[in-house]
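Visitor: Here's a structure for you.
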Amino acid sequence: MSKITFKDLKIDPNVLKVLQEMKFETPTEIQEKAIPYLLDSNKHFIGQAQTGTGKTAAFTIPLLEKLDFEVSHVQAIVLAPTRELAMQVEEEIKKLGKYTGVKTTCLYGGTAYEGQITALKTKKPQVVVGTPGRVIDLIKKKFLKLEKTNICILDEADEMLNMGFAEDVQFVLDEVAKDTQLLMFSATMPHSIKSMIQRSFDDPFMVKIEKKSLSNEDIDQKYFIVREKHFKEALARLVDNAPNIYGIVFCRTKLETKDVGDELKGRGHLVEVLNGDMGQLERDHSMKKFKTGKVKILVCTDVAARGIDVNNLTHVINYGLPRDNESYVHRIGRTGRAGMKGSAFTIVGSRNANGIRSVEKHINKKIELAKLPTIIELKTKLVEKELEGAQQIYEA
Ligand code: ADP
Ligand code: MG
């Protein structure tokens, strides 16, 4: 297979320079399809590719080339489902656009209007990234004007609709300038999205990247059958057995995240919890600690974690079988990225063990049934670790 590099893609040298600084050499599949097309065309575009495949850069790179930096009105709007995702997208636009002089603003709910209104008025951003609710609020209050947009991007569209934003998103699509190019990126294509496409995306160009990495060889997938009442102990052993863990523990409910978080903390682990019940500040705080690696374990629900881009995870642990197969794929896709090895462990109740079969069918791959590390193995590990520490001191 011939390897296309970013250099082959006629990208603005200002952006190419950042890609080089970031050590991005070859585009991912969706980038390889989307970037050349979008650099060349103003047609509507729909890109489907699973989580972790680089969709953000796939639209950010062409987006930057479609802006006129001499002009200061909103030329582009990006909608994302959550505040965290919106902020992440804004960061990426700022990062890739750092030599272009692009001006951006992020608009999201759960915080005062004032700062955002001031930013719109004084900064005069060319690109606005936001969550649907706050964006339409600001449109209705007449602080955000979309009559001169060239491009509108719906990121993580499936999740936006899942979260009940269909009407809000439609409102924005109806609000942007008439010839605005519409882009949609989504991991899945549920019916609700198809109807939105039919309504608003006239004759779009569609790209679908098949889920190849479902059977990602870099992810070591195992499951453990455990009685529900022993789940916590099982989790604790898996964590103890992975001294260098940097991972996410996925729970099924908010209550469970708290419970599991408390348990791990009680056992001396540094843990952050992330769930929808927490206030924005608290969530930001948790996320930051995890992203910067101050805390090595994040316990969360699917919704809280969707799209959160944290690299280099060593482990994804499913505390109980995920609610559906697609969710399993999204979760484990957070490890084993970009050629690194990762582990995906699933703790499953003895009564739900059949659910694993269904996951295996979905990903077309067998998941290995494994045994939990025994206390003796864990002790040996602990001793080894201590010896290692001693050796280092000795060598130093
Ligand atoms: P998605 O939106 O598809 O879930 P992201 O845009 O969040 O994926 O990208 C996932 C990760 O891959 C990010 O950490 C990003 O920096 C990284 N990435 C994206 N494109 C490339 C590339 N061409 N080479 C290396 N890493 C990349
Ligand atoms: Mg994304």
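The values are calculated or read from the model by the stated rules, or taken from the named source; none is laboratory data. Nothing here was measured: the structure is a model prediction, and the numbers come from that model. Cβ atoms come from the backbone with ideal geometry, glycine included; neighbour counts cover every protein chain shown. Surface accessibility is based on the protein's heavy atoms, side chains included, excluding ligands, DNA and RNA. Shrake-Rupley method; radii C 1.70, N 1.55, O 1.52, S 1.80 Å.
Visitor: Residue by residue through the stretch 265-287, note down the ones that are surrounded by fewer than 20 Cβ atoms within 10 Å (Cβ to Cβ) and either charged (D, E, K, R) or in a helix (DSSP H, G or I) (or both). Steps first, answer last, please.
Guide: To start, the set of residues in the stretch 265-287 that are surrounded by fewer than 20 Cβ atoms within 10 Å (Cβ to Cβ) comprises 265-270, 276-282, 284-285.
Matches in the stretch 265-287: Lys265, Gly266, Arg267, Asp277, Gln280, Leu281, Glu282, Asp284, His285.
Visitor: Same structure again: Hey, does the stretch 173-190 have a residue that's in a helix (DSSP H, G or I), open to solvent by less than 40 Å² (accessible area, probe 1.4 Å) and under 28 Å from His362 (Cα atoms)? Steps first, answer last, please.
Guide: Taking the stretch 173-190 as the starting set, the residues that turn out to be in a helix (DSSP H, G or I) are 173-175.
Among the residues that remain, those that are also open to solvent by less than 40 Å² (accessible area, probe 1.4 Å) are: 173.
If we keep only those that are under 28 Å from His362 (Cα atoms) as well, we get none.
So far as the stretch 173-190 goes, no, none of its residues is in a helix (DSSP H, G or I), open to solvent by less than 40 Å² (accessible area, probe 1.4 Å) and under 28 Å from His362 (Cα atoms).
Visitor: Still on this model: Could you grab me the full set of residues in the stretch 121-130 that are open to solvent by less than 70 Å² (accessible area, probe 1.4 Å) and touching a Ser or Thr at 6+ places or on another chain (Cβ under 6 Å)?
Guide: Pro125, Val127, Val128
Visitor: From the list Lys33, Lys43, Lys95, which residue is within 14 Å of ligand 1 (Cβ to nearest atom), surrounded by fewer than 18 Cβ atoms within 10 Å (Cβ to Cβ) and either part of a helix (DSSP H, G or I) or more than 23 Å from the chain's Cα centre (by Cα) (or both)?
Guide: Going through Lys33, Lys43, Lys95 in turn, just one is within 14 Å of ligand 1 (Cβ to nearest atom), surrounded by fewer than 18 Cβ atoms within 10 Å (Cβ to Cβ) and either part of a helix (DSSP H, G or I) or more than 23 Å from the chain's Cα centre (by Cα) (or both): Lys95.
Visitor: OK, next. List every residue pair whose Cβ atoms lie under 7 Å apart, where the two residues are 6 or more positions apart in sequence or sit on different chains, the first residue falls within the stretch 156-177 and is small (Gly, Ala, Ser) and within 16 Å of ligand 2 (Cβ to nearest atom), and the second residue, located anywhere, is at pLDDT below 95 and assigned to a helix (DSSP H, G or I).
Guide: Ala157/Ile193
Visitor: Which residues, taken from the stretch 71-86, are modelled with pLDDT under 95 and either over 30 Å from Gly279 (Cα atoms) or in a helix (DSSP H, G or I) (or both)?
Guide: Correct list: Val71, Ser72, Arg83, Glu84, Leu85.
Visitor: Looking at the structure I just gave you, is Thr53 of a type in the set (Ser, Thr, Tyr), open to solvent by less than 40 Å² (accessible area, probe 1.4 Å), in contact with a helix residue (DSSP H, G or I) (Cβ under 6 Å, 6 or more places away or on another chain) and away from ligand 2 (no atom under 16 Å from the Cβ)?
Guide: In short, no.
Visitor: Of the conditions (1) at pLDDT below 95; (2) surrounded by 18 or more Cβ atoms within 10 Å (Cβ to Cβ); (3) more than 27 Å from Met278 (Cβ to Cβ), Glu159 clears all except one; give me its number.
Guide: Checking Glu159 against (1) at pLDDT below 95; (2) surrounded by 18 or more Cβ atoms within 10 Å (Cβ to Cβ); (3) more than 27 Å from Met278 (Cβ to Cβ), the one that fails is (3).
Visitor: Here's another thing I want to ask about it. Quick one: in the stretch 292-326, of everything that is touching a Leu at 6+ places or on another chain (Cβ under 9 Å) and not hydrophobic (A, V, I, L, M, F, W, C), which residue is most open to solvent (accessible area, probe 1.4 Å)?
Guide: In this case the residue turns out to be Lys294.
Visitor: Only one of these conditions is not met by Thr111: (1) among the β-branched types (Val, Ile, Thr); (2) assigned to a helix (DSSP H, G or I); (3) open to solvent by 10 Å² or more (accessible area, probe 1.4 Å). Which number is it?
Guide: Every listed condition holds for Thr111 apart from (2).
Visitor: Also, quick follow-up: Out of the residues in the stretch 13-26 that are within 30 Å of Ile197 (Cβ to Cβ) and at pLDDT below 95, which is most open to solvent (accessible area, probe 1.4 Å)?
Guide: Here the answer is Phe24.
Visitor: Are there any helices (runs of 4 or more DSSP H) wholly within the stretch 297-392 with 1 or more residues that are at pLDDT below 75 and within 16 Å of ligand 2 (Cβ to nearest atom), and if so which?
Guide: 302-305
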